[in-house]
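Right, one structure below, let's go through it.
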Amino acid sequence: MADTAAVVALPARPVTLLAAAAFVSAATVRATDPLVPAIAGEFVTTPGTVGLTVTAFALAYGVCQLFWGPVGDRYGKYRVITLACLLSAATAGAAALAHSLPMLAALRLTGGVTAAAIIPLAMAFIGDHVPYARRQATLARFIAGQILGLIGGQIIGGVVGDLFGWRAVFLVLAALFLVAGLLLWRELRVGALPPPVLGTPARPAQLAMTYLRLVRRPWPRTVLLTVFAEGFLFFGALAYVGLAVHDAYGLSFTMVGVVLGAFGLGGVLYAFNAGRLVARLGERGLARGGGCLLAMGFLALPFAPTPWLAALAIALLGLGFYMLHNTLQTNATQMAPEARGLAVATFASCFFTGQGLGAWLAGYVVDGPGTTLLFTAVAPLLLVLAMAFAHRLADRPAS
C-alpha cells in the first residue's frame, strides 16, 4: 500500500506518552467491570440495569468520535489528545459524586464524550508518521498501554472498590487522567514532536459528504461493519464476565479484578510478539487465529471448574481479541490517508457504538437466561465474523 502521509522519524517519547494516555482511557472503560454487583446493590437494581452505565459511556464515546476526528485533523491530534485528558480528569472525578444510577449513567456519558479523542487520534497520529509496512508493529507497541490499562483498570476497580468503595475508583481515574494530561502538555511545549499533519477547515456539510464518501467505498465499509459487529458481540459479552466470575466462585471484588486482569495479560502477550506474529501469520492468519481463540475462550469460560481456569479462558479472549482487532486497526489507519483522523474516528465510532448496544442488549440476556447462554451464543458468531473478514482481506484493494 502506498502511503500519502508525511512520514518523518518519530521519536519514542511521544508514542510512550500516548500509550500512557491510552492506559488511563482503557482503565476508565473497564474499571467498573468488577463493581457491577456493588453498584447494583447500592442503587437497589439488577446487574443488567447497571449495564446502562456501560452503554452510556460507550455510545457517547462512539458518537463523539465523529466530532473529535475532524477536530484533530484541523488543530493537531497531539494537542487535542492533551485537552481530552484534562477534561476527562474532571468528568471522572464528577462520577464519584453520583447519588443515583441515572446520574451515574449521565456522568459516564459525559466521560465518554471527553475521553473519546484519546485512543483514535493517537492511532491516527501514528498513522501520520509511520509508514504502513511498520505500522502494525508500532500500533501494537502503542496498544500495550491500552492493554495494561485494561489490566490496571480491572485491578484498580477490584482493589480500590473493595477497600474504599466504588466511588473511590473514579477519583483514582481522575488523578491518572490529570497526570497523563500534564505530561502530554509538557511534551507539546518542550518535546521534539514532528510537524502535525493538518487538514483544511470544513463546514458541517463538507464533513458530512466526507463521511458519506468514506462509507460508500467498499473496503472501508467492510472494515467499519466488521468492527461494529466485533464491538457488539465481544464487548457486549465481556461487560458481564466479571459478574459471571463473581457469581460462579463467590470471589471478592479484588479477586474478580485479578481474574479479569488475565484478559490484559493475553493482550500483552500479543503486543510483545506482534512483529513475529505478523511476519509468520500475515493479516489473514491473525484474523483467523484471533477468531478461533475468541470462540474457545467464550465456550470454555462458563464451564471452568476453578477461577484459575476461568482466568486462562479470559487470557485466551485477550490474545484472540488483539489478534483480530489490531488487524482491523491497522487497516483503519489506511482507509483515508488524506483525512486519517476522520477515518480512524469513524472506525472507533462504529466500534464503541457496537459496544454500547451490545452491553445494553446483553443485559436482557443476563437478567433472563443468564451469562452461560450469552457466552456460548457469542462464541460461534465471533468465529464466523473473523473468518469472513479474513476472507475479505484477500480481495482488499491497493491504495
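The values are calculated or read from the model by the stated rules, or taken from the named source; none is laboratory data. All figures in this text were calculated on a predicted structure; none of them were measured in a lab. Counting neighbours? That spans all protein chains shown, and the Cβs are built from the backbone with ideal geometry, glycine included. Areas reflect the complete protein model, heavy atoms only, side chains present, ligands, DNA and RNA absent. Shrake-Rupley method; radii C 1.70, N 1.55, O 1.52, S 1.80 Å.
Taking every protein chain into account, the accessible area of the chain amounts to 38 square angstrom per residue (probe 1.4 Å). So how tilted is helix 274-300 from the main axis of the chain? Cα-based, degrees 0 to 90, rounded to 10. Rounded to the nearest ten degrees, it is 20. Subtracting the Cα-Cα distance of Tyr75 and Trp308 from 0.36 nm times their residue separation leaves 79.1 nm of extension gain. When a 1.4 Å probe is rolled over the protein heavy atoms, the share of accessible surface on the chain that falls to carbon and sulfur comes to 71 percent.
When you count the other C-beta atoms within 10 angstrom of each residue and take the mean per peptide, 362-375, 116-129 line up highest first as 116-129, 362-375.
Each label was represented as a point 7 Å from its Cα along the Cα-to-Cβ direction; for Met296 and Thr45 these points are 3.8 nm apart.
Seen through its C-alpha gyration tensor, with square-root eigenvalues sorted a ≥ b ≥ c, the stretch 21-176 comes out prolate because a/c lies at 1.5 or above while a/b is bigger than b/c.
A simple spin-label model places the labels of Arg186 and Ala12 1.8 nm from each other, with each point 7 Å out along Cα-to-Cβ.
Can you give the calculated 222 nm mean residue ellipticity of the chain, where each DSSP H run of n ≥ 4 adds -39,500 (n - 2.57) and the sum is split over every residue, rounded to the nearest 500 deg cm²/dmol? If you can, show how the numbers build up before the last one.
Numbers: 17 runs with 316 residues, N = 399.
It lands at -27000 deg cm²/dmol.
What ratio of Cα Rg to 2.2 N^0.38 Å holds for the chain?
Working: Rg = 19.6 Å, N = 399, 2.2 N^0.38 = 21.4 Å.
Relative to the 2.2 N^0.38 Å estimate, the chain comes out at 0.92.
Full extension of the chain between Arg213 and Met387 gives 60.0 nm of extra length, using 0.36 nm per residue less the Cα-Cα distance.
I'd like the orientation of helix 77-95 relative to the chain: the angle between its Cα long axis and the longest Cα principal axis, in ° from 0 to 90, rounded to 10. Its long axis makes an angle of about 20 degrees.
How much length is gained on full extension from Arg276 to Leu373, taking 0.36 nm per residue of separation minus their Cα-Cα distance? Display every interim value, and only then the final one.
Details: separation 97, 0.36 × 97 = 34.92 nm, distance 3.59 nm.
Taking Arg276 through Leu373 to full extension adds about 31.3 nm, to one decimal.
Using the Cα gyration tensor of the stretch 335-399, with a ≥ b ≥ c the square roots of its eigenvalues, what is the shape: rounded (a/c below 1.5), prolate (a/b larger than b/c) or oblate (neither)? Note, shape of the stretch 335-399 comes out oblate.
Put simply, when 305-314, 265-274, 49-58 are sorted by average Cβ atoms within 10 angstrom per residue, most first, you get 49-58, 265-274, 305-314.
If packing is taken as the average count of other Cβ atoms within 10 Å, what order do 382-392, 279-289 fall into, highest mean first? Mind showing how you got there, number by number?
Working: 382-392: 19.5, 279-289: 17.8.
Packing proxy ranking, top to bottom: 382-392, 279-289.
A Gaussian network model of the chain, with springs between Cα atoms under 10 Å, assigns the largest mean-square fluctuation among Ile143, Ile156, Ile39 to Ile39. Once you sort the root eigenvalues of the Cα gyration tensor of the stretch 61-136 as a ≥ b ≥ c, which label holds: rounded (a/c under 1.5), prolate (a/b larger than b/c) or oblate (the other case)? Prolate shape, in that a/c is at least 1.5 and a/b is the bigger ratio.
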